[in-house]
Structures are given as structure tokens and as C-alpha cells.
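Heads up: the structure comes next, in C-alpha cells.
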Amino acid sequence: MTHKIVIVGGSGGIGAALAKRLAAQGWRLHLVARGAERLAALADELGASFATGDVADGAALRAAVEAAGSPISGLAYAVGTITLKPVARIAVA
């Protein structure tokens, strides 16, 4: 079985660098970000699946992650902005 990682914020910066590193190691990737153009270009370069979604919109984020299918081996959260709160208090609508 090939492992799949979902990278939220995967179209630029740390998320894109992580995606490139993991792709080079043979991981299957599902990238999630707001900007469709950059996201699609990187996904095409890496042979990754992708979906657009904004972390501020719980329903859109859930749909974007669910589009990855299963099983998912890991999740990387590399979004440029973050609302700091304990993980136990984060809720997805």
C-alpha cells in the first residue's frame, strides 16, 4: 500500500516545499489550498490529487479533505495564517 498525505496549504511556501520533498520520496499526495491556479500547477508537476478549500470555511475544508479518499496516512497543516487555540477546541462544521 502506498501512503497518502493530505497537505492543507499545499500550494506555496512550506506546504509546497513539503509536497515536493514527500513526492520525491514516493508518497502519494492530496493538496488543499484556496488558490486553484497555483494548486493545480503544483499538483500536476507532482502527480498529486488536489481540491480547493479555505480553512476558514469548515464545510469547504471538510469536502476538500474528503476528496482525498482513504486511507489517509497523515495530515500536514501548512497554512499561512492560523487561529491559535487548543486542538481539542477546533471544530469542523
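The values are calculated or read from the model by the stated rules, or taken from the named source; none is laboratory data. Computed from a predicted structure; not experimentally measured. Glycine also receives a Cβ, built like all others from the backbone with ideal geometry; neighbour counts cover every protein chain displayed.
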Identify all residues within region 21-65 that are charged (D, E, K, R) and surrounded by fewer than 13 Cβ atoms within 10 Å (Cβ to Cβ); write none if there are none. R21, E37, D44, E45
Hey, A68 hits all of (1) part of a helix (DSSP H, G or I); (2) in contact (Cβ under 8 Å) with a residue 40 or more places away in the chain but one; which does it fall short on? (1)
Only one of V79, V32 that is modelled with pLDDT under 90 and in contact with a helix residue (DSSP H, G or I) (Cβ under 9 Å, 6 or more places away or on another chain): V79
Is there a residue in region 15-27 that is on the phi > 0 side of the Ramachandran plot, over 10 Å from the mean Cα position of the chain (by Cα) and modelled with pLDDT under 95? yes
